Amino acid sequence: MDAVGKGHRAAIMLTPMTQPDRENAETLSFESAAVHVGNVHMGSRMGTAVRTPIVMANSYELPYDAPSLDWHAPDQFLYQRNTGVNQNGLEKRLAALEGAEECVVFSTGVAAMYAVFFTTLRSGDHCVCTNIGYNALRRILENLLPEKYGIETTFVDTSDLDAVRAAIRPNTKLVHCEVLANPVNRVADIEALAEIAHKAGAVFSVDSTYTPPGWFRPLEHGADLVQHSLTKYINGHGDAMGGAVLGRHELIEPVRIDAQVDMGAALSPFNAWLITRGTVTLPLRLKHIAESTQQVAEFLEAHPKIAHVAFPGLPSHPQHELAARQLDAGFGGTIAFCLNGTQETQNEFVSKLRLITSAVSLGHDESLIVHLSLEDAHAVEFPEIFKTNGILRLSLGLENPNDLIADLAAALTNVG
């Protein structure tokens, strides 16, 4: 039984008669926490709802001594920008699943990403960041922050620990990476990077969107802050957008007040409700997706028309052993690959697919594939095979893997 927080697994196994309590996350397994934590049974004259309803109010009734309230307080139900019933419940659930002291949710994953940089960096500071990652990451750190605030960033291959050490400066205040670099699936050694960052006196933040709790918990490996695009695996249904930052109270409090309350990047009640619904099935979805992705990756690697497959579950991946040691239950749900040929070959292949949808994003219930642009700033860092042929990112969904393989096989047969 997989426990929620670090250290609880042994406690539960040693006391099998411990009675689970939905009001106490410490007594719940990961699967049970995904169902119960943060859920509020709310009553009305019609009865008591067993699931928190959508509370669409943008304001909450004030107490008698309203003038004495802290109008910026994020822990009082005053105004939707500060917090709301649905957002608050989602934050509690995510904190339990991630093993974090606190969580703050945002309107998008990019808002969560920007919140980390906005609250940890000041004018004149320096950041060390992965040189391959989500597109918005590069634009924020390479363009917006230097131009507006004089914050400099050194982009490095975060799988090269010597390169990370060499990039550290006296004014380095933040080290940032992705567990699996989007889109090429390069693996970062989180414990080693945490040691480097902390030795330099820097905050270590990790984007774990590719590896949600159930696959990996960066805080247990030394990360100070973890961020997620909730739009992806945690929501899991392709119908809501959101972001989250998790960590210790002293780091989360300024993220919440400065970025959520004062910058106004609040998550809507409806999206919070949708994402909370998605978390219920997260453990089941991750298990199925991990198994399917492994099967599909092995099929692609064995196919003669495929030039290259980047998936950490394959022994051919250069960081396969690190991924096997670091990840908890599977190697993720995305595959980067390309066919022998040109970018036009990749376009033709995608056009032949009938079950897999050509669309951006990942972690949905349906499998998605996207032929990525080589014009993006971080594309110059891609492996040469991708820069030559093109790069496809396949995100596996909940379909039967045999159906997905059949779709891929037919499309490959009809290309060229």
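The values are calculated or read from the model by the stated rules, or taken from the named source; none is laboratory data. The shown structure was predicted, so the numbers you read here are calculated from the model rather than taken from an experiment. Neighbour counts are summed over all protein chains in view; Cβ atoms, including those assigned to glycine, are modelled from backbone coordinates with ideal geometry.
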What do you reckon, is ASP125 within 30 Å of ARG169 (Cα to Cα), surrounded by fewer than 22 Cβ atoms within 10 Å (Cβ to Cβ) and among the acidic types (Asp, Glu)?
-> yes
Condition broken by ARG22, with the remaining ones in (1) loosely packed, with under 13 Cβ neighbours inside 10 Å; (2) at pLDDT below 85; (3) among the charged types (D, E, K, R) satisfied = (1)
Restricting the search to segment 158-200, which residues are within 15 Å of the chain's Cα centre (by Cα), part of a strand (DSSP E or B) and among the hydrophobic types (A, V, I, L, M, F, W, C)?
-> CYS177, LEU180, ALA181, VAL187
Counting only residues that are of a type in the set (A, V, I, L, M) and under 30 Å from LEU394 (Cβ atoms), how many does segment 159-207 have?
-> 14
For segment 97-107, does any single residue satisfy the condition of being surrounded by fewer than 21 Cβ atoms within 10 Å (Cβ to Cβ) and under 22 Å from MET56 (Cα atoms)?
-> yes
Tabulated pairs, segment 191-208, first of a type in the set (Asp, Glu), second surrounded by 23 or more Cβ atoms within 10 Å (Cβ to Cβ) and in a helix (DSSP H, G or I), C-beta under 8 angstrom, 6+ apart or interchain | ASP207/MET113; ASP207/LEU137
For THR388, work out the one condition from (1) within 14 Å of HIS308 (Cα to Cα); (2) of a type in the set (Ser, Thr, Tyr); (3) touching a helix residue (DSSP H, G or I) at 6+ places or on another chain (Cβ under 9 Å) it doesn't fulfil.
-> (3)
Please indicate, with yes or no, whether at least one residue in segment 142-149 is of a type in the set (Asp, Glu) and over 25 Å from HIS228 (Cβ atoms).
-> yes
Among the strands (runs of 3 or more DSSP E) confined wholly to segment 209-312, which include 2 or more residues that are surrounded by 21 or more Cβ atoms within 10 Å (Cβ to Cβ), under 17 Å from the mean Cα position of the chain (by Cα) and among the aliphatic types (A, V, I, L, M)?
-> 225-229, 243-247
Just a yes or no: is a residue in segment 254-265 in contact (Cβ under 8 Å) with a residue 24 or more places away in the chain, of a type outside the set (Ser, Thr, Tyr) and closer than 22 Å to ALA329 by Cα?
-> no
Scan segment 346-360 residue by residue and report those that are surrounded by 14 or more Cβ atoms within 10 Å (Cβ to Cβ) and either assigned to a loop (DSSP other than H, G, I, E, B) or of a type in the set (Val, Ile, Thr) (or both).
-> VAL350, LEU353, LEU355, ILE356, THR357, ALA359
Return the residue satisfying two criteria in turn: it lies in segment 155-181 and is among the polar types (S, T, N, Q) and surrounded by fewer than 24 Cβ atoms within 10 Å (Cβ to Cβ), and of such residues it is farthest from GLY214 (Cα to Cα).
-> ASN171
